[in-house]
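What follows is one structure encoded as C-alpha cells, with my remarks underneath.
The values are calculated or read from the model by the stated rules, or taken from the named source; none is laboratory data. Keep in mind it's a predicted model, so treat the numbers as computed, not measured. Positions of Cβ are backbone-derived with ideal geometry, glycine not excepted, and every protein chain shown enters the neighbour counts.
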Amino acid sequence: MAVTKVSSTVQFVSRSPSAGGRSGHWTPNTDVYSTDNGLVVKVELAGMKSDSLEITVEGNRLRIAGNRPDGCRAPKCSFLVMEISYGPFETVLELPPGYDLSQARAAYVNGFLRIDVPQARPVPSHTTRVPIAG
C-alpha cells in the first residue's frame, strides 16, 4: 500500500504546486497508518479550533487546510528559538485505491485531527451475456 503525500517537505514526497508555492504556508506533522477497517490519518494541529479546519475530498485526494493563529505572543518580542509554525497551512494526501473517502469521518481532540477512512466495499461482479448480431 502506498500513500503519496502531495504537500510536504519530507523526503520521498513531492509538493503540490497549489500549496508549495504559497509563501507563509507550513505543513503539519502527519501520520497515515492502516488498520483492519481502513486508513487513519492523524494530523498534529495543537492550538487550533475545529472550526478553523477545512477538509475536502477530490477523487482519491484528501486536502486538509486551515490557519493557526499566533494569539499569545507579546508585542515586540525577540525570539531565541522559534520552532512552532503559525499562519495558513495545507497538506494534501493522495490515497491508494481501495478506500472510500466519501465515508471518511473526522474528529479533532487534544490538538490532533484524526480522519478515519474505511475500506471501499468490493463491487460484486455480475456476469452478463452479450447478444451477437447476425
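With the structure loaded, tell me whether Ala74 is farther than 16 Å from Ala106 by Cα, in contact with a His (Cβ under 8 Å, 6 or more places away or on another chain) and modelled with pLDDT under 90 or whether it fails that test.
When the stated conditions are applied, Ala74 does not pass them.
Give the stretch 116-134 a look and list any residue that's of a type outside the set (Gly, Ala, Ser), surrounded by 10 or more Cβ atoms within 10 Å (Cβ to Cβ) and more than 25 Å from Ala46 (Cβ to Cβ), or say none.
Pro118, Gln119
Just to confirm my filter: which strands (runs of 3 or more DSSP E) fall fully inside the stretch 18-115 and include at least 1 residues that are on the phi < 0 side of the Ramachandran plot, among the basic types (Lys, Arg) and surrounded by 12 or more Cβ atoms within 10 Å (Cβ to Cβ)?
Per the criteria, 38-44, 61-68.
With respect to Pro28, is the statement that it is over 14 Å from Ile115 (Cβ atoms) and either over 17 Å from the mean Cα position of the chain (by Cα) or not aromatic (Phe, Trp, Tyr) (or both) true?
No; evaluated as a whole, the condition is false for this residue.
For Pro118, all conditions in the list (1) outside any loop (DSSP other than H, G, I, E, B); (2) farther than 18 Å from Asp31 by Cα hold save one; what is the number of the exception?
Going through the list (1) outside any loop (DSSP other than H, G, I, E, B); (2) farther than 18 Å from Asp31 by Cα, Pro118 breaks only (2).
Mind checking which residues of the stretch 47-56 are of a type outside the set (S, T, N, Q) and at pLDDT below 95?
Gly47, Met48, Lys49, Asp51, listed by residue number.
Out of all the residues in the stretch 81-97, which are within 30 Å of Gln119 (Cβ to Cβ) and in contact (Cβ under 8 Å) with a residue 40 or more places away in the chain?
Once the filter is applied, which keeps residues that are within 30 Å of Gln119 (Cβ to Cβ) and in contact (Cβ under 8 Å) with a residue 40 or more places away in the chain, the stretch 81-97 yields Phe89, Glu90, Thr91, Val92, Leu93, Glu94, Leu95, Pro96.
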